[in-house]
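In what follows, a single structure is set out as C-alpha cells and then discussed.
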2 protein chains.
Amino acid sequence: MNEATGPEQAPCTWPAERGAAPPGGPVGHLVTRVARLHRTAAGRALRESGLYPGQEIVLGHLWEADGPVRQSDLIKAVELDPSTVTKTLQRLEQSGHVTRAPDPADRRAVLVEATELSCALSRQVESAWAGLEEHALAGLTPADRAELLRLLTAVEANLCDRAGGCPEAE
Amino acid sequence: MNEATGPEQAPCTWPAERGAAPPGGPVGHLVTRVARLHRTAAGRALRESGLYPGQEIVLGHLWEADGPVRQSDLIKAVELDPSTVTKTLQRLEQSGHVTRAPDPADRRAVLVEATELSCALSRQVESAWAGLEEHALAGLTPADRAELLRLLTAVEANLCDRAGGCPEAE
DNA sequence: CCCCATTGATTGGCCGACCATGCAATGCGT
DNA sequence: ACGCATTGCATGGTCGGCCAATCAATGGGG
C-alpha cells in the first residue's frame with residue numbers, strides 16, 4: 001500500500017494556536033451555503049414551470065428587452081461566461097423557450113428571442129421568484145433587507161475588482 | 001393569439017404594470033452573484049495550492065477532526081449531497097490529498113483521512129481564505145460584518161426549513 | 001487591396017451540485 | 001434465526017459554471 005510519509009494517522013498536528021476559528025472565514029462559507037440553498041429552492045419552484053435554475057435569469061433579460069437581443073449583449077447583461085450562455089440558450093432553444101437566428105447585419109452574431117411559450121411562463125416564474133424571495137427574507141424588517149442589500153452589494157463590488165472582470169462600466 | 005412558433009411576432013407584451021422591479025427579486029440574484037464571484041475568487045486563490053473550489057471545505061473538516069472520519073459524518077458536517085462528497089473524495093484521493101479505507105467496524109463505512117500532503121497545504125489554504133475573506137469584506141466595519149452574518153444566517157434558516165433537508169436537529 | 005487584430009460565438013473538457021437508482025452491509029423486530 | 005427496513009456509499013445522468021482553444025466574420029491599418 002501507500003505508506004506515503006507516515007505509517008498511519010498523525011494527520012495534521014495543528015499549530016494548536018487556533019481553535020476559535022471554525023472552518024475558514026465564516027462569511028465566505030455562509031454566502032456559498034445560502035446561495036446553494038437558494039438555488040435548490042429556486043430549482044424546486046421552477047421545476048413546475050419546466051425550467052432549471054439559471055435559465056430564469058436569461059429568460060428574464062429576454063422578457064425585459066422584449067424583442068430580439070444580440071447574444072453578446074445578453075452575455076454582458078447576465079455577466080456570465082459566454083460558453084455558459086451558449087449552453088443555456090441551446091437548452092432553452094431545445095425546450096422551445098427561445099428562438100435563435102443569425103443577425104443579418106452581422107453574420108457572426110446571433111439574435112435571441114423569447115418564445116410565446118416562455119412568455120406564458122413568465123408570470124408563473126415571476127410569482128414563484130417573488131414567493132421565494134419573500135420566504136428567504138421572512139422575518140427581516142425592511143431596514144434589515146435594505147442593509148442586506150447594501151452589504152451584499154459592497155461585497156460584490158469588493159469581489160468584482162479582484163476578479164477584474166466585472167461591469168465596472170462607467 | 002397563439003401563433004406559437006410563429007415567425008417573429010411581438011414577444012411578451014407585458015402587462016405593462018411593472019417597470020420598477022428589474023429582473024426578479026434583488027436579493028436572490030445578488031446572493032447568487034456574490035457566491036459566484038466568491039467561488040471564482042476562491043478558485044484562483046486555491047489554484048496555487050492545486051485545489052479546486054469546494055475541496056477546501058471537505059479538507060477543512062478533515063483537518064479539524066484530525067484523524068480518520070467516517071464519510072457519513074463528513075457528509076453531515078458539510079451538508080452536501082452524499083454523491084457530491086463521494087466524487088469530491090475520489091478526486092482528492094486521486095490527487096493524493098486524502099486516503100480512504102474501509103472501516104473495520106462497519107464494512108459499509110469508509111474512513112477518510114487527510115494526508116500529510118494536504119496538511120502542508122492547510123496553512124496556505126487558510127491564509128488564502130483569510131485573505132479572500134478580508135478582501136470580500138473590505139470597507140465593512142465590524143458592525144457591518146456582524147450584521148451581514150446575522151442577516152445571512154437568518155436567510156439561511158428561512159431557506160432551510162423550506163428545503164426541509166437542513167440540520168434542524170430535531 | 002490584403003493582412004491581421006478584434007469581436008462573436010461554439011466546442012470540449014473539467015469540476016461541483018443535484019436527483020434517482022442500485023447495492024452491500026447492518027441491525028432490529030418477530 | 002430469519003426477513004425486512006435502514007444505513008452507507010457508489011454510479012449514472014443532467015445541468016450550471018469556468019477555462020482554453022477554435023472557427024467565422026468584421027473592420028482597421030499599411
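The values are calculated or read from the model by the stated rules, or taken from the named source; none is laboratory data. Since the structure is predicted, the reported quantities are computational estimates derived from the model, not experimental observations. Positions of Cβ are backbone-derived with ideal geometry, glycine not excepted, and every protein chain shown enters the neighbour counts. To get the accessible areas, we keep the full protein, side chains included, count just its heavy atoms, and leave off ligands, DNA and RNA. Shrake-Rupley method; radii C 1.70, N 1.55, O 1.52, S 1.80 Å.
What to note about this one:
- In the range B:34-55, the residue that is modelled with the lowest pLDDT out of those that are more than 9 Å from chain A (Cβ to nearest Cβ) and surrounded by fewer than 17 Cβ atoms within 10 Å (Cβ to Cβ) is B:GLU48.
- Residue identified as of a type in the set (D, E, K, R), at pLDDT 90 or above and open to solvent by less than 40 Å² (accessible area, probe 1.4 Å) among A:GLU156, A:GLU79, A:GLU93: A:GLU156
- For the range B:36-76, residues that are within 11 Å of DNA strand D (Cβ to nearest atom), within 26 Å of B:ARG107 (Cβ to Cβ) and not β-branched (Val, Ile, Thr) total 7.
- Leading residue by the ranking (most open to solvent (accessible area, probe 1.4 Å)) among those in the range B:123-133 that are under 18 Å from the mean Cα position of the chain (by Cα) and not small (Gly, Ala, Ser): B:GLU126
- Only residues that are within 12 Å of the chain's Cα centre (by Cα) and assigned to a helix (DSSP H, G or I) were counted in the range A:44-79, giving 5.
- Single condition B:HIS29 does not satisfy, out of (1) touching a residue at least 24 places away in the same chain (Cβ under 8 Å); (2) out of contact with any Lys or Arg (no Cβ under 9 Å at 6 or more places or on another chain): (1)
- You will find that of B:LEU140, B:LEU80, B:LEU152, B:LEU92, the residue that is within 12 Å of chain A (Cβ to nearest Cβ), within 16 Å of DNA strand C (Cβ to nearest atom) and not polar (S, T, N, Q) is B:LEU80 and no other.
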